[in-house]
Amino acid sequence: MDTFAVDRKLHIEHRVAEQQARATIKKNPVLALVELITNSDDSYRRLENSGIKTSGSIIVELVRKHQGSTIRITDYAEGFEDTLMDERVGGYGGDTSGFTEQDAGRGYWGRGLKEAMIAMGFGSVESIKDNFFYKCTLENLDYKRSHPVKITKQLRDVLGVKNNGTLITIKANNADIRIPQFETLKQSLEYYYSLRDIVSNPSREIILIEKDQHNKIKRQEKLSYLFPKGELFYKNIIQIQGYKDAKINLEIYRATEPLSGYDDEGPLRENGLLLCSKGAILDITLTRKFEGNGYASRIFGHATCDYIDHLLRIEKEPIVHSNRSGLDWTHPFCKAIESTISKEVSRFVQEEEKKVKAEAKELENEKTRKRYEASLPELNKIAKEELGSSGGMGDESGDIRLAQLPPNGFDFMPDYAQIVVDKESTLTLKALVPKIISSGSVAKVTSDVKEIIIKDEKITLDEKDSDLENGLLVKHIRVIGKQVGVEGIISAEIKGVKTEMLVKVISKKIILPPTPKGKSGLFNGFEWSSTAEPNQRVKYDRASGKIIIATRAPSVAIYFGLNGEGQDEGHCQVMLAELTVEAVCREIARQKIESGSEPYLGEASEAMNVIHNRLINKYAEKIHHFLVEKKFRN
């Protein structure tokens, strides 16, 4: 029989613990907060699963300093007792959150809380549980716990906990850790993929508070997240091949707008399926095969597999990365999940590819295309005749001059805008003061949808702030869109005068293509669009120089298909010519009014209508000759 000089469990070296903490938190306090907020949510869920009603509140307090910034997280859930502190803060590698397989959650990593404290430099846990107060600290891998004390009212008031609850404090003592600005931190927490279900849960209220060094509140906002607008593409419970007890509940949605991917936003991306165990989001993916595939850019949804918890807790299978960065896709079970999901993602991609290619297909024949292209120099010649040698193109940067006048004397300009979700954007409101609007008047700005938030609800229009030469006053109104795909009307009203603009929330900035080579002037081409606003059947897009035809507009749809089908027919050629006349003459009239090159009396809108009609009478016949074949004209 063998005998041993030493027989004990392996010790964990401090160096290993520090390396693990850095690998998990990556000098990023957002990752530390993700872990702590998730732990609080897990604790609330356990109480709720037991039938106990909870507040669901999680308070995140932030005190930013050049060095030594502090973050505090308070919940009113189960609380910690001394033995749990010793095990989950003072120990290493155990089940941090203490979950059973039925409870689920992220605790099976056995880390997170400790990593946050180690990586940041200092952490403490203060908790009330069953009328006793418990406290421990972790600094430089030195764990200390105080003796439990009977709770007092004074201590409850200090902690702000009426019943049970926990306050976790972490300090950024490590010099290379910086706390983000309030808005950046807020957006990071709202969009971080593993917090998305928590932040959007109506049973949770996560409040982010910034305080100064004297404990005075500077800013306070509730975190929120709305999944993109979209339609259900696929929903089913699927057997995972090779694992008879494993099934995956798969829901795939098609967003109304393309979504930001990993290259755009990293873990804040919206494009992808959230991979979930029973009680936690573990990863976000399109599967390795389809990451970066443009035809998959509208996919979002959930893929939930309860069997993951069984493998982690009962079978002790290492199917997740130890640094909590997601599933280990090299593990056989993860490969089986990926294969199962890929089949439906592939079907989505195939359908989307067909749809996109059909929409992008050049439907006009060569003869029709050449006729359209041949008309562009003639249209630009008209623009130069009316607007001068510049042809209305503005300065070298392509920007429209600030001094453009609002057609009605009180207008949003332009009247349509796309804003990136959860990024503060500005809308431009212009007014002629005091010619149209009395100096000192207050405009009320509203949104007709709750998902587009107005930050500047009242705007004062004061003559002293206007351009003294022409009385032009320019105001910038801050707005935030909270859900991708939402469209809303933003209105500004003052003493019976009202202006509106359409705003659409998108997932990422759209980079406009450069002006085609070999073309110059105001007009660069035609585009058939099934997504353009149907309330305006044709418009001139200043950024691209194209005439956009909204094929869903009722008076257009009765002639053309969604992508301009039928445009070779005689009556459709005539309709296209009429739409072109409308767009060309309107844009030239607008530039004449806004540049001041056309003197007018009375309302700018009335003058614009007069000029518009005059231009139609002058150029309509000529434009019809360009665009309509002779055989269709008398």
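Please find the FRET efficiency linking GLU251 to ARG614, where r is the Cβ-Cβ separation and R0 is fixed at 60 Å, and quote it to the nearest 0.05. With R0 = 60 Å, the Cβ-Cβ based efficiency is 0.60. List the pairs from LYS144/LYS171; LYS171/LYS211; LYS135/LYS186; LYS27/LYS316; LYS129/LYS171 whose alpha-carbon separation is above 19 Å, in the order I gave them. Going by Cα-Cα distance, LYS135/LYS186; LYS27/LYS316; LYS129/LYS171 fall outside the 19 Å limit.
Once the Cβ-Cβ distance of ASN49 and THR446 is raised to the sixth power relative to R0 = 41 Å, the FRET efficiency obtained is 0.45.
Which part of the range 414-442 falls in the paramagnetic zone of GLU500, meaning amide N under 15 Å from the point 7 Å along Cα-to-beta-carbon? Label zone hits: 415-417. Computed over the Cα atoms of the range 230-359, the ratio of the radius of gyration to the Kirkwood radius (Rg/Rh) comes to 0.97. Maximal additional length on extending the ASN563-GLU87 stretch stands at 164.9 nm, based on 0.36 nm per residue less the C-alpha distance. Quick one: which of LYS162/LYS216; LYS450/LYS475; LYS508/LYS539; LYS357/LYS546; LYS65/LYS150; LYS354/LYS546 span more than 28 angstrom between C-alpha atoms? Checking Cα-Cα distances, LYS65/LYS150 exceed 28 Å. Apply 1/(1 + (r/R0)^6) to the Cβ-Cβ distance of ASN131 and GLU205, taking R0 = 25 Å, and write down the FRET efficiency to the nearest 0.05. With a Förster radius of 25 Å, E is 0.45.
For the range 307-313, backbone phi angles converted through the Karplus equation (6.51, -1.76, 1.60; θ = phi - 60°) give residue-by-residue couplings of 5, 4, 5, 4, 5, 6, 8 Hz, Gly and Pro being listed as x.
The modelled label-to-label distance between ASP462 and LYS235, using points 7 Å beyond Cα along the C-beta direction, is 5.4 nm. For trypsin sites (Lys or Arg not before Pro), the sites in the range 230-285 that DSSP calls loop and that have at most 10 other Cβ atoms within 10 Å are LYS244. Approximating the spin labels as points 7 Å out from Cα along Cα→Cβ, the ASP263-to-LYS144 distance works out to 5.1 nm.
In nanometres, what is the gap between the two model label sites at VAL474 and THR531, each 7 Å from Cα along Cα-to-Cβ? Computed distance between label sites VAL474 and THR531 equals 2.9 nm. Expressed in units of 2.2 N^0.38 Å, where N is the residue count, the Cα radius of gyration of the range 401-508 is 1.06. Compared with the alpha-carbon gap, the fully stretched path from SER339 to LYS354 is longer by 3.1 nm at 0.36 nm per residue. Once you reduce the range 31-47 and the range 609-634 to the center of their Cα atoms, the two points are 67 Å from each other.
Taken together, the values in this text are just the output of simple stated rules run on the coordinates, not laboratory data. No experiment lies behind these values; they were computed from the predicted model shown. We place every Cβ from the backbone using ideal geometry, glycine too, and count neighbours over all the protein chains shown.
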